[in-house]
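To start, the structure itself, in structure tokens.
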């Protein structure tokens, strides 16, 4: 072999193998027929090997041509993949602001981001934890993940699944109590500012005289107290599943549930980095 092959040589061979004739190969390469003919003859002379046999039905590739065509296809696929990766990186370049509760971040979003973000190295993420929709409404955030059955009308998004709740406790606390009747246990709960939360409405309906000993301003804080062995609480099932220190004391409670929504502003759909992360998280988070 007198000259090294380059990609244009491989592309030439592949075009003629796929086309089967000089004219169809010329169409694929967007050159004239004479250019294809001269290029093949030049390449055969350079390689010292016949690549095609001229038959009445067209140009038949020799074993050498088929071998090189196979390598050409691999090079073509590698180039297409590189172009797609570059386009994806360019499309997702930018900063996206995401807001969610600490519990949703710890149990669902963080594991999903670990799977998603390596594919988008140009994407920068800013995360805030909040229990309200205010951040998104004030344009302080681009994407919100919220536990609700009634998302605000000015936001658009999709429901990622139903969220059930269970009563749970930590093993050391449960070992200390002899009577596990629910109304005799020490309860940890959200405070009165969450009076419409499903965990509070369920408890007030079934145990109207029960007074929690500890009240907190977030599900994450409730989880920390339960994990520390201070009592029991009704927590999202996904939180209990993700924490080996929490022991469920019930199956999912009837009429005590919510939904996980991923939400963006209507104008956020035209922002490519926002749309990219929105779509990726929608596919990566499972309940």
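Where a number appears in this text, it was derived from the coordinates with a stated rule and is not lab data. Just so you know, these numbers come straight off a predicted model, no measurement behind them. As a convention, Cβ positions derive from the backbone with ideal geometry for all residues, glycine included, and neighbour counts pool all protein chains shown.
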Sorted on mean Cβ neighbours within 10 Å (highest first), peptides 12-22, 191-201 come out as 12-22, 191-201
The chain: angle of helix 63-91 to the longest principal axis, Cα-based, in degrees nearest 10:
40
Convex hull projection area averaged over all views, the stretch 93-287, Cα basis, nm²:
11.0
Mind checking the angle between helix 7-19 and the chain's longest principal axis? C-alpha axes, 0 to 90 degrees, to the nearest 10.
80
Per-residue Cβ neighbour rank within 10 angstrom, fewest leading, 211, 104
211, 104
If 36, 222, 156 are placed from fewest to most neighbouring beta carbons inside 10 Å, the sequence is 156, 36, 222
Of 154, 275, how do they rank once you tally other Cβ atoms within 10 Å and put the fewest first?
154, 275
With Cα atoms, 0 to 90° folded angle of helix 33-47 axis to the chain main axis
90
